Structures are given as structure tokens and as C-alpha cells.
Amino acid sequence: MPMTMERAQVTLPSEREVKVTRSFKAPRPLVYRAYTEPTLVRRWLLGPPGWSMPVCEMDVRVGGDYRWRWRSDKDGSEFGFAGTFREITPPSRLVHTESYDPGTLGDAHPQNEAIVSVTFAEDSSITTVTTVIDFGSKEARDAAVATGMTDGMEQSYQLLDTLLSEGL
Amino acid sequence: MDTQISNRLDATFLALADPTRRAILARLSRGEASVTEIAEPFAISQPAISKHLKILERAGLITVGQDAQRRPRRLEGKPLAEANAWLERYRASWEASFERLDGVLEELQRRPSASTRARRRTRR
């Protein structure tokens with residue numbers, strides 16, 4: 001049986017930030033490993049289907065750099081993220097910078113450096129990972145969230161479940 | 001991103017940023033209601049509720065119904081759906097990764113990887 005937990009939650013804690021929360025049925029040290037060992041990271045950090053991760057280099061120590069690059073199975077186009085680790089506290093917290101690498105896409109994505117804070121909390125063998133991305137400006141955040149957004153605004157009241165769940 | 005959509009989203013999220021306004025929307029999701037009916041469960045004055053309703057109205061999240069006497073407020077789905085679609089695509093991209101991570105973690109727990117075994121050996 002697949003060990004799928006409740007779906008990821010996305011909220012907007014401030015006008016510069018996005019918060020992503022998801023729980024996993026695994027002890028915290030294991031989830032931390034899956035976030036910090038490149039051979040494991042490249043197996044899951046792939047986003048929507050149709051992309052592979054040919055470059056996944058991570059020097060996981062304070063001041064160490066990482067480089068991630070994705071390639072489209074369809075047309076071979078590439079983009080990536082790169083940055084520096086600022087805080088390493090196994091198995092509870094990781095902080096790194098994140099700069100967008102337009103690769104072959106060459107699109108006009110905002111070039112600000114974002115700060116990504118990942119917190120791992122365990123309760124009864126369930127590990128909740130909270131990722132807060134501070135994009136540095138509202139414009140950069142909105143553009144990042146809107147990446148890949150097209151038409152097809154389907155009618156849905158799901159927002160009342162997902163977005164409002166924190167406040168109601 | 002389309003500026004018009006962007007401005008609309010700003011108004012939507014600003015309107016949603018307040019717990020009273022979210023509670024009002026939750027109330028209206030069960031059906032239209034007059035200002036008095038909306039104000040009932042809240043421990044704040046009707047003018048304060050009216051202020052919240054004005055913000056929701058400006059964001060297009062609610063409209064005022066035909067009845068000139070009751071002036072019922074009703075929920076408008078489109079801006080919520082737009083805001084939802086905006087976040088949903090982003091959320092879905094993360095969720096796709098997290099579902100793969102579920103699989104990776106399940107496998108790691110079933111049989112520790114070679115690297116774990118190697119590390120255990122070195123530690124001993």
C-alpha cells in the first residue's frame with residue numbers, strides 16, 4: 001500500500017513568502033537524508049512529470065554550494081537552481097539560498113536570490129517538512145508561483161479547504 | 001504574468017488575509033445572507049462588519065443581491081477559483097515531487113540502502 005499522506009499545503013505567510021507543508025510516514029533522520037543526499041534528492045525532486053535531474057551536486061555544509069538542473073524529456077530544454085547552504089542542523093533544519101538558472105529556457109525570471117528554510121519535525125513517526133521560501137519581493141514571489149500558469153481556471157471552491165484551512 | 005490577473009489576485013489575497021473575512025466567506029458559502037445575519041455570530045459591531053464586507057466586495061469575492069430591502073450578500077466563486085488555480089499549479093508541482101519522496105522513503109525503510117550499510121560498517 002502506498003504510504004501517501006495528506007496532500008501538500010501551500011500558504012502565503014507574508015507578501016514575500018510562500019510556505020509549503022507536507023507530512024511523511026518516516027522518521028525524521030530518514031527524511032533529512034532524502035533531502036541532503038544527492039543520489040536520493042535526484043530521485044524525487046523532479047516536479048511535474050516529464051523532467052529528469054541530470055545535475056544534482058550538493059556540498060552539504062555551511063558555506064557549501066549546490067547546483068540542481070532539470071531537463072525536459074520532451075525537448076531537452078533545461079533550467080536549474082543554485083545556491084549556498086547557510087545553516088545545517090541535522091536532522092531538524094536546513095537553510096540555503098536559491099538563484100534561478102534559466103538554462104536553455106532563457107526566460108525573464110526575476111533574478112533575486114531567494115532564501116529557503118526547511119524545517120523537519122517528527123511526531124509519532126510522522127515527519128512534517130515545512131519549507132518557507134522568502135523571495136525577497138512580492139513581484140519575485142508572484143512570478144515564481146505563476147511560472148507555468150496557463151489558462152484553464154477551473155471553477156473550484158477547493159480554496160476554502162486548502163487556503164482557508166489555517167484560519168477557520 | 002498578466003497585470004490584470006495579478007492585481008485581482010492581490011485584492012483577493014488581501015481580502016483573504018483576515019480571519020473575520022474568511023469566516024464571513026465560509027458563512028456565505030452556505031448561502032446568501034443579509035448584513036444583520038452575517039454580523040450575528042461575531043462579537044464586533046455592524047459597522048466593523050460592513051467595513052469587512054466592503055473589502056470583500058471590492059475584491060469581487062462577494063456581490064449584493066437584487067432584494068432592495070435585505071440587500072443580501074452572496075459569495076462569488078470566480079476570484080476564489082482564480083486564486084486557487086494560481087496556487088494549485090504551484091502546489092501540484094510540489095506534490096508531484098513529494099509523492100515520489102513518499103516512494104523513496106518507503107523503499108529506504110523497507111531495506112536500508114547500500115550507503116547506510118556502508119556507513120554503519122565504518123562507524124563500527
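Below, the figures for the structure above:
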item	result
Charge dipole magnitude, Cβ of K and R +1, D and E -1 - segment B:1-75, Cα centre, debye nearest 20	80
Highest to lowest packing among A:69-79, A:94-104, scored as the average C-beta count within 10 Å	A:94-104, A:69-79
In degrees, nearest ten, helix B:77-110 long axis to first principal axis of chain B (Cα)	20
Kirkwood Rh (inverse of mean 1/r, distinct Cα pairs), chain B, angstrom	18.0
Cα convex hull of segment A:52-109, projected area averaged across orientations, nm²	4.4
Average beta carbon contacts from partner chains per residue of B:74-86, 10 Å cutoff	5
Relative contact order of chain B, pairs being alpha-carbon contacts under 8 Å that are 6 or more residues apart, as %	24
Average beta carbon contacts from partner chains per residue of A:42-55, 10 Å cutoff	3
Between 0 and 90°, nearest 10: helix B:3-16 axis offset from chain B longest Cα axis	80
Distance in nm between pseudo-label sites at residue B:68 and residue B:4 (7 Å out along the Cβ direction from Cα)	3.3
Residue B:62 long-range amide H proximity, modeled H, under 5 Å	B:57, B:76
Simple spin-label estimate for residue A:57 and residue A:89 in nanometres, 7 Å along Cα-Cβ	3.0
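Any read-out appearing in this document is the output of simple, stated calculations on the displayed coordinates, not a laboratory observation. Keep in mind the model is a prediction, meaning the values are calculated, not measured. Counting neighbours? That spans all protein chains shown, and the Cβs are built from the backbone with ideal geometry, glycine included.
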